[in-house]
Amino acid sequence: MSGAVERAKLIRGKDGDWEVVIGMEVHAQVLSHAKLFSGASTLFGSEPNTQVSFVDAAMPGMLPVINRFCVEQAIRTGLGLKARINHVSIFDRKNYFYPDLPAGYQISQYKHPIVGEGEVLLDLPGGRTVRVGIERLHLEQDAGKSLHDQHPDLSYVDLNRSGVALMEIVSKPDMRSSDEASAFVKKLRAIVRYLGTCDGNMEEGSLRADVNVSVRRPGAPLGTRCEIKNVNSMRFIAQAVEYEARRQIAVIEDGGTIRQETRLFDPRAGETRSMRSKEEAHDYRYFPDPDLLPLVIEQPWIDTIATSLPELPDDKKARLMQEHGISAYDAGVLVTERELADYYEELARDVDSKSAVNWLNNEILGRLNRAGQSIGECPVSAQVNNTILKLMAEGTISGKIAKDLLDVVWNEGGDPRAIVTERGLTQVTDTSAIEQAIERVIAAHPDKVEEIKHKPKLAGWFVGQVMKETGGKANPQAVNALLKERLELPADG
Amino acid sequence: MDLPASPLEFTLAEARDALRSKAISASELTAGFTKAIAAARPLNAFITETSDRAADMAAQSDRRIASGDARALEGVPLAIKDLFCTKDVRTTAGSRILENFVPPYESTVTENLWNAGAVMLGKTNMDEFAMGSSNENSWFKPVANPWRPRNSNRTMVPGGSSGGSAAAVAAQLCLGATGTDTGGSIRQPAALSGIVGMKPTYGRCSRWGIVAFASSLDQAGPMTRTVRDAAILLGTMAGFDPKDSTSVEKDVPDYERDLENGVAGLRIGVPREYRLEGAPADIDALWSKGVAWMRDQGAEIVDITLPHTKYALPAYYIVAPAEASSNLARYDGVRYGRRAEGVMDITELYERSRAEGFGAEVQRRVLIGTYVLSAGYYDAYYVRAQKVRTMIARDFAQAFQRCDAILTPATPGPAFAVGEKTADPIAMYLNDVFTVTANLAGLPAISVPAGLSADDLPLGLQVIGKAFDEATVLRVGRAIERAAGFVVQPSPWWRLS
């Protein structure tokens, strides 16, 4: 990736340009009812220490037994990342002492992960696509949680999370800007959510990112990296990268050198702070866990899982562009959430794609955004909206009425066709009714009738008045045509 | 049947049959052992005596026997090594750090025994976390070997780590006991205490609920007075357990069935590498006698070679401490077990709880294990030790192409005096020289009492078999037992009046 560097991505320093190089380690909590090795429940938000088995508490003599479903989820994720699934992988112990790590070691995979190299394609503004390599994905246990704010002198430990399955997904250092870094997490999140292997909830910590940042002169060898921990939102990822890149550039430009270290992102200050240097890093004393046999995965199982994969964002985007003729940008937006794309497809059934996209973006998402709701919380189903679009396409209702109709079903529910009939919202195409309305408007505004003779642009005003007169039910095309005829305006089409 | 005068002298097989035929009651038998245990406290074989529970279990067994509902070990009183977690009964692993630990769960092996009707007499003393070869590393004080040298009042060690179980069986305080064997912890104390001890194939008995020492080596097994008793007990202890990922899904055969088939036609391997320079003459003499017994009973004697034997002990003392250093990290004073008082922060809590809770040998092995796994040393120690392990397993695989079982001495010498080897850990480690190989290769092996030393202390012979071929190992063991005619019992110097 070190060849031609796009100028736009470079950061300008005091004496020349710098390139930022970013790699990611994302911890994604496996969507599973049971933990990785103990069978205990994974319910989030339960009372402390209520989801803990003897294995999770590392009681003497307890042994881990792998949860087959978690393995399946890791394989599914690997396939979604177009990665190689390793037929043999090994669980290792990562040894360190901490009160929320009951066994004194975390079961992880070190040298032989379950998933090898893969890739993720990032969709960036302007239709640009960046390929980010995946180095590996491995399975490991989560630790418990230390609670330091419950007592003035004591710390408490909650082991509910202890033993919950995580997938650590490690990227190659293929990203070159904060935008790409957050786009990577966004895309990864979309993929795991499509696959149903992680809920992607960053607030609850189901998806956590550590960001490795280094800087270099364009084309130079990789610089020394710093690992930034605790970056738990897309916005913070971008902020942390920006801050850290500028910090490193400043250090180097002032004649200093970057030390390899772990840094912590402080979201309040918007800066990164040193946590521990390489010298202070733990010696984790990894070795294969003798309680677990090597994990052997037969190809037929992988094949079975592969056939059950859903359509993934990239494929869905390509299909929407091809089948619906919508733009790369529109399709890209639609596929960020599987629910949104599904909603769109239902909405666009047998109606014009462009009007479906506009209706979704302007009317539905507009209303949801104002309410701070997601597509999953939309009170009006895609089918109902599809009916509204069809009523509009048939000419039964006008665009204006359609919006009013959406307001009605949004607040009160109901069947749009029935509402149109009950409330008489059907568009007036009866020319005599429209002609009568035109006559009333002309009679009420003789001055405007004079004015329009040398100011044809006033036609719009007349249309509006007639629409008002008909309660919005008149067909605007019919009104336009009849007005032009009556006022003897040129038929400009 | 020619039964002994006291039911306490019954073998497990005799007692089982006498119980079934209602010649004796479980309650009567259990009360006899409970009394004998109380009278044998100078041996210090038990950490916890569970006489009340034993009486309840025995009463229940009597009811089942009365209603014709007896199970495989109905009413048979056993002692349990204190490494097996027993529900609601204190389980210490011989350590101060678990001095007051009461598990809310039952180990699979003991669960199997209770489900077969066995009665628990108590929890036996042991080297702390099963680390030791003399039972002198127990927080609950050493165990005395029921055997003493001829014309001597010296207290000898019973071997270890299952020293309490060995002493309890040898002193007739139970019909049999459970042990665990990581590098010889069943077979070595069995040899030093004049009883039978068997380590089954790795994966034969579930490790679930057994306090872990070195997970890739630990294996539970029976300790009994006869080979038949070992066969009976193993049949109930063994079996696949889905809660232990290393347990193997294989049928458990009826180990009693082929026991008396003899060794005629079997090929018995004799490995030249087990002849140690400087080993006592009586060890070599006994081994030669054992070879002669096999030949006389119609076995074919095959000279075999196990060329990597000399690397076994060093490899063992890398792999076992490495796993132990990680397995024992959970004893941190945070959730259960001993917690140091008056500490200021978490580091001090760890350091003081573990310094107070662990004895010297455990600390030594945790340090060795931590060292060999450290960055920069891992490849030189741990990885090489694992390679040695592979080579040792290959040695055995090649040898077993030429023979059906292997005959060796069980230990390099008889029981030694309390305190004799405590100052020299390496001398102590050498006790395992003949036994660790079977652990490293995961193979089944038995120690059978076969004679006496020059001092009249018991000596054992070891039979090592193919993986999951416990039946042949027991059959050869039985042939040794028959030929040796080992019937001597220690004189009960320990008995309180």
Next item on the list: Could you check how many residues of region B:202-250 are more than 12 Å from every other protein chain (Cβ to nearest Cβ), closer than 23 Å to B:Val366 by Cβ and touching a helix residue (DSSP H, G or I) at 6+ places or on another chain (Cβ under 6 Å)?
Entry: 0
Notebook entry, point to check: Does region A:163-186 contain at least one residue that is on the phi > 0 side of the Ramachandran plot and modelled with pLDDT under 95?
Noted result: no
Margin query: Considering only residues that are of a type in the set (A, V, I, L, M), over 25 Å from A:Asn475 (Cα atoms) and in a helix (DSSP H, G or I), which ones fall in region A:368-406?
Written below: A:Leu368, A:Ala371, A:Ile375, A:Ala382
Note to self: Six or more apart or on different chains, Cβ atoms under 7 Å: show the pairs whose first residue is in region B:326-347 and on the phi > 0 side of the Ramachandran plot and more than 7 Å from chain A (Cβ to nearest Cβ) and whose second is assigned to a helix (DSSP H, G or I) and modelled with pLDDT of 95 or more.
What the structure shows: B:Gly333/B:Leu349; B:Gly333/B:Tyr350; B:Gly333/B:Ser353; B:Gly337/B:Ile97; B:Gly337/B:Leu98; B:Gly337/B:Gly357
Note to self: A:Ala83 - would you say it is away from chain B (no Cβ under 14 Å), of a type outside the set (D, E, K, R) and not in a loop (DSSP other than H, G, I, E, B)?
What the structure shows: no
Note to self: Among the residues that make up region B:309-325, is at least one of them away from chain A (no Cβ under 14 Å) and under 30 Å from B:Arg482 (Cα atoms)?
What the structure shows: yes
Next item on the list: Determine if region B:239-248 includes at least one residue that is assigned to a loop (DSSP other than H, G, I, E, B), at pLDDT 95 or above, of a type outside the set (Ser, Thr, Tyr) and under 26 Å from B:Gly290 (Cβ atoms).
Entry: no
Check: Restricting attention to region A:295-305, does a residue exist that is over 25 Å from A:Thr129 (Cβ atoms), touching a residue at least 24 places away in the same chain (Cβ under 8 Å) and within 14 Å of chain B (Cβ to nearest Cβ)?
Finding: yes
Next item on the list: Could you pull out the residue among A:Gly372, A:Gly395, A:Gly413 that is surrounded by 13 or more Cβ atoms within 10 Å (Cβ to Cβ) and either in contact with a Phe, Trp or Tyr (Cβ under 7 Å, 6 or more places away or on another chain) or closer than 23 Å to A:Glu346 by Cα (or both)?
Entry: A:Gly395
Notebook entry, point to check: Can you name the number of the only condition in (1) over 30 Å from B:Pro158 (Cβ atoms); (2) of a type in the set (Asp, Glu); (3) touching a Gly at 6+ places or on another chain (Cβ under 9 Å) that B:Asp395 fails?
Noted result: (3)
Next item on the list: Can you confirm whether region B:263-284 contains a residue that is of a type in the set (Lys, Arg), more than 14 Å from chain A (Cβ to nearest Cβ), free of Cβ contacts under 8 Å to residues at least 40 places away in the same chain and in a loop (DSSP other than H, G, I, E, B)?
Entry: yes
Check: Can you name every residue in region A:268-312 that is of a type in the set (A, V, I, L, M), modelled with pLDDT under 95 and loosely packed, with under 12 Cβ neighbours inside 10 Å?
Finding: A:Ala269
Item checked: Selection within region A:16-56 - within 25 Å of A:Gly80 (Cβ to Cβ), out of contact with any His (no Cβ under 9 Å at 6 or more places or on another chain) and in a loop (DSSP other than H, G, I, E, B) -> A:Val30, A:Leu31, A:Ser32, A:His33, A:Lys35, A:Leu36, A:Phe37, A:Phe44
Margin query: Restricting to region B:358-388, count the residues that are within 13 Å of chain A (Cβ to nearest Cβ), of a type in the set (Val, Ile, Thr) and closer than 29 Å to B:Phe140 by Cβ.
Written below: 3
Note to self: Scan region B:41-64 and tell me whether some residue there is within 21 Å of the chain's Cα centre (by Cα) and within 14 Å of chain A (Cβ to nearest Cβ).
What the structure shows: no
Next item on the list: Just give me the residues in region A:343-367 being in a helix (DSSP H, G or I) and among the β-branched types (Val, Ile, Thr), in sequence order.
Entry: A:Val357, A:Ile364
Item checked: Residues located in region A:75-100, provided they are within 23 Å of A:Lys145 (Cα to Cα) and free of Cβ contacts under 8 Å to residues at least 60 places away in the same chain -> A:Phe97, A:Tyr98, A:Pro99
Item checked: Enumeration of residues in region A:58-72 that are within 20 Å of B:Lys87 (Cβ to Cβ) and touching a Leu at 6+ places or on another chain (Cβ under 6 Å) -> none
Next item on the list: Quick one: which helices (runs of 4 or more DSSP H) lie wholly within region B:75-194 and hold at least 1 residues that are among the β-branched types (Val, Ile, Thr) and surrounded by 24 or more Cβ atoms within 10 Å (Cβ to Cβ)?
Entry: B:108-115, B:163-170
Check: Would you call A:Val120 of a type outside the set (Lys, Arg), under 28 Å from the mean Cα position of the chain (by Cα) and within 14 Å of chain B (Cβ to nearest Cβ)?
Finding: no
Notebook entry, point to check: Identify, please: which residue in region B:69-98 is charged (D, E, K, R) and under 22 Å from the mean Cα position of the chain (by Cα) and is, among those, farthest from B:Gly357 (Cα to Cα)?
Noted result: B:Lys87
Check: Is it true that B:Ser288 is crowded, with 21+ Cβ neighbours inside 10 Å, among the hydroxyl-bearing types (Ser, Thr, Tyr) and free of Cβ contacts under 8 Å to residues at least 60 places away in the same chain?
Finding: no
Next item on the list: Filter region A:411-441 down to residues that are more than 37 Å from the chain's Cα centre (by Cα), more than 15 Å from A:Glu485 (Cβ to Cβ) and either outside any helix (DSSP H, G or I) or polar (S, T, N, Q) (or both), then give me how many there are.
Entry: 9
Note to self: Among the residues in region B:106-113, are any small (Gly, Ala, Ser) and closer than 30 Å to B:Leu459 by Cβ?
What the structure shows: no
Notebook entry, point to check: Do any helices (runs of 4 or more DSSP H) entirely within region B:360-449 hold 2 or more residues that are surrounded by fewer than 18 Cβ atoms within 10 Å (Cβ to Cβ), and if so, which?
Noted result: B:360-373, B:384-399, B:425-429
Next item on the list: Assess whether A:Gly61 counts as being surrounded by 15 or more Cβ atoms within 10 Å (Cβ to Cβ), among the small types (Gly, Ala, Ser) and either assigned to a strand (DSSP E or B) or at pLDDT below 90 (or both).
Entry: no
Check: Do you know which residues across region B:45-71 are crowded, with 16+ Cβ neighbours inside 10 Å, small (Gly, Ala, Ser) and part of a loop (DSSP other than H, G, I, E, B)?
Finding: B:Ala45, B:Ala70
Note to self: Can you report the number of residues in region B:294-313 which are small (Gly, Ala, Ser) and touching a strand residue (DSSP E or B) at 6+ places or on another chain (Cβ under 9 Å)?
What the structure shows: 1
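The values are calculated or read from the model by the stated rules, or taken from the named source; none is laboratory data. The shown structure was predicted, so the numbers you read here are calculated from the model rather than taken from an experiment. As a convention, Cβ positions derive from the backbone with ideal geometry for all residues, glycine included, and neighbour counts pool all protein chains shown.
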